[in-house]
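The values are calculated or read from the model by the stated rules, or taken from the named source; none is laboratory data. This structure is a prediction, so every number in the text was calculated from the model and none was measured. Virtual Cβ from ideal backbone geometry, glycine too; neighbours counted across all protein chains shown.
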């Protein structure tokens, strides 16, 4: 993958706030052509930096009134991938994480009501081979949800600044290759 640069970060910041913003508006804000924005977004998508786009559906408005987090303990941590594959078959599960702490896995799911939740737990999740126990946490209210912030260095920051160097090192350690953050207008 070509390196992530300042223009990429600007594009990511804009589209992460509103995925429906027209490319012409992104191009204008970034000072480049629409074609350059299109190429950059395509490259960022192919590289896995952008992992999706679309609309967020309000689960309550379509009948899923209960949001639940389920901590799952497995016989062995090495069973994670097989259990994750089985959990993926349950449509109501929207997130699955391999975790540290008291649970081997943590899943987020939506259900219509407590009866639906009990059915998912007793007849689906707890029936998966390797699942030893579950603990259920019901979300009473979601206060907010947001994307990870896309940080762009200010004009007075240089590559030599400690903060920016730390950001670049952290991004590189996480598999995002960052160049010297200079504008590369296509």
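Just need a number here: residues in the stretch 88-119 that are in contact with a helix residue (DSSP H, G or I) (Cβ under 7 Å, 6 or more places away or on another chain) and more than 11 Å from residue 67 (Cα to Cα). Before you say what the answer is, go through the steps one by one.
In the first step, residues of the stretch 88-119 are kept if they are in contact with a helix residue (DSSP H, G or I) (Cβ under 7 Å, 6 or more places away or on another chain); the result is 90, 92-93, 96, 98, 104-105, 107, 109-111.
Now narrow it down to the ones that are more than 11 Å from residue 67 (Cα to Cα): 90, 96, 98, 104-105.
Within the stretch 88-119, residues that are in contact with a helix residue (DSSP H, G or I) (Cβ under 7 Å, 6 or more places away or on another chain) and more than 11 Å from residue 67 (Cα to Cα) number 5.
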Spot the failing condition for residue 129; the list is (1) touching a helix residue (DSSP H, G or I) at 6+ places or on another chain (Cβ under 9 Å); (2) surrounded by 14 or more Cβ atoms within 10 Å (Cβ to Cβ); (3) assigned to a loop (DSSP other than H, G, I, E, B), and only one is missed.
(2)
Do we find that residue 127 is within 30 Å of residue 55 (Cβ to Cβ) and either modelled with pLDDT under 95 or out of contact with any strand residue (DSSP E or B) (no Cβ under 8 Å at 6 or more places or on another chain) (or both) in this structure?
no
From the list 180, 156, pick out the single residue that is at pLDDT below 95, in a loop (DSSP other than H, G, I, E, B) and in contact with a helix residue (DSSP H, G or I) (Cβ under 9 Å, 6 or more places away or on another chain).
180
